[in-house]
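Trainee: The following block contains the structure, expressed as structure tokens.
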Amino acid sequence: MNGVSSIKGLGTRRFGAVNWLGLRTLAWRECSRGLKDYNYQLLGPIVSSLLYLAIFHLAMITVGAGGGAPLLDFIAPGLIIFVACEKAFENACGSFIFDKHERVIADLLMAPLSPLERVLGYLGGSSAAGIVVGGAVAIAALLFARLGLHDPLALLFFLLMGTILHGLIGILVGIWAEKWDSYSAVHTFLLLPLSFLSGVFYRVDGLPELGQAIIRFNPVFYVIDGFRYGMTGEASAPLATGAIVLLGVNLALFFVAFGWFRRGYRLKP
């Protein structure tokens, strides 16, 4: 015991109020983890998005409506943010389920990170991965659509709000889920309907009043609408309303995730 205590410099490591090194490492781990297999993680969303745009392009030509450029210019922003959000959810949720199955989740719990730092680390990594994939899809979409930049601040804000929203949902589902089947069920029966019924491929203004009212209860609608405004200047709802809704929903989900990490809900054996 005396020999151990006499070792020079031995003591408790101090990180300060925030363990910035651990937080940065966790965020980088999650981001790089989600983009490591680029054949699937990066090229897959690009090819899928190009297929969507190609199908609409060919459909407009074959029905005699010209090239359909205005329609493709409208669809492309929604498709870009849709893919970015999908990647954020997949990255956050998949990490937890994989770590649980491989029984390495204990490594996270043993790391000198607070519950707040763990949430921010996973959220930062998943959001960054989503933004990278969204940027790649935006570059590829230039083959079919004319992408503009009407309001950079709105574009960045709703991009962050969308990827954060889906990253938080991914964290919660990943903590809660015990099997990959749970991930597939939430993605298929919750996130995909919310996304496709949020105006990705159509104008919400053209729906009946009841349909418009129902869609406005969908937070993903405000992500799509606000991001599209940042590119095209076209919006179906006030930006302030969308910002308030998304900030409120994200804060609520964040506090739930923080509470689950602090309690060790479905994380501790």
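The values are calculated or read from the model by the stated rules, or taken from the named source; none is laboratory data. Owing to the predicted nature of the structure, the values given are computational and were not obtained by experimental measurement. Ideal geometry is used to build each Cβ from the backbone, glycine not excepted, and the neighbour counts take in all protein chains shown.
Trainee: Where the second residue is outside any helix (DSSP H, G or I) and the first is crowded, with 24+ Cβ neighbours inside 10 Å and lies in the range 77-96, which pairs have Cβ atoms under 6 Å and are six or more apart or on separate chains?
Mentor: 82/200
Trainee: Also: For the range 240-258, indicate whether the set of residues that are of a type in the set (S, T, N, Q), assigned to a helix (DSSP H, G or I) and touching a residue at least 60 places away in the same chain (Cβ under 8 Å) is non-empty.
Mentor: Yes, because at least one residue in the range 240-258 is of a type in the set (S, T, N, Q), assigned to a helix (DSSP H, G or I) and touching a residue at least 60 places away in the same chain (Cβ under 8 Å).
Trainee: Going by what's in this entry, would residue 9 be described as more than 24 Å from residue 250 (Cα to Cα), modelled with pLDDT under 60 and either part of a helix (DSSP H, G or I) or of a type outside the set (A, V, I, L, M) (or both)?
Mentor: yes
Trainee: When the residues of the range 73-123 are narrowed to those that are assigned to a loop (DSSP other than H, G, I, E, B) and either touching a Phe, Trp or Tyr at 6+ places or on another chain (Cβ under 8 Å) or among the polar types (S, T, N, Q) (or both), which ends up modelled with the highest pLDDT?
Mentor: 114
Trainee: Test residue 225 against the criterion of being acidic (Asp, Glu), in a helix (DSSP H, G or I) and surrounded by fewer than 19 Cβ atoms within 10 Å (Cβ to Cβ), and give yes or no.
Mentor: No, not satisfied.
Trainee: At negative phi and surrounded by 20 or more Cβ atoms within 10 Å (Cβ to Cβ), is that true of residue 256?
Mentor: no
Trainee: Is it the case that residue 130 is crowded, with 19+ Cβ neighbours inside 10 Å, touching a Ser or Thr at 6+ places or on another chain (Cβ under 9 Å) and at pLDDT 90 or above?
Mentor: The answer is yes for residue 130.
Trainee: Does the range 197-235 hold any residues that are among the hydroxyl-bearing types (Ser, Thr, Tyr) and modelled with pLDDT under 90, and which are they?
Mentor: Once the filter is applied, which keeps residues that are among the hydroxyl-bearing types (Ser, Thr, Tyr) and modelled with pLDDT under 90, the range 197-235 yields 198, 202.
Trainee: Right, something else. Counting just the residues of the range 137-157 that are crowded, with 19+ Cβ neighbours inside 10 Å and under 15 Å from the mean Cα position of the chain (by Cα), which one comes out modelled with the lowest pLDDT?
Mentor: So, considering only residues that are crowded, with 19+ Cβ neighbours inside 10 Å and under 15 Å from the mean Cα position of the chain (by Cα), the one modelled with the lowest pLDDT is 137.
Trainee: Do the conditions hold for residue 160, that is, is it of a type outside the set (D, E, K, R), surrounded by fewer than 24 Cβ atoms within 10 Å (Cβ to Cβ) and under 13 Å from residue 88 (Cα atoms)?
Mentor: yes
Trainee: Mind counting the residues in the range 116-134 that are farther than 23 Å from residue 263 by Cβ and either aliphatic (A, V, I, L, M) or more than 13 Å from the chain's Cα centre (by Cα) (or both)?
Mentor: 5
Trainee: Still on this structure, please answer the following. With the requirement that a residue be free of Cβ contacts under 8 Å to residues at least 40 places away in the same chain and surrounded by 14 or more Cβ atoms within 10 Å (Cβ to Cβ), what does the range 98-107 give you?
Mentor: Passing the criteria: 98, 99.
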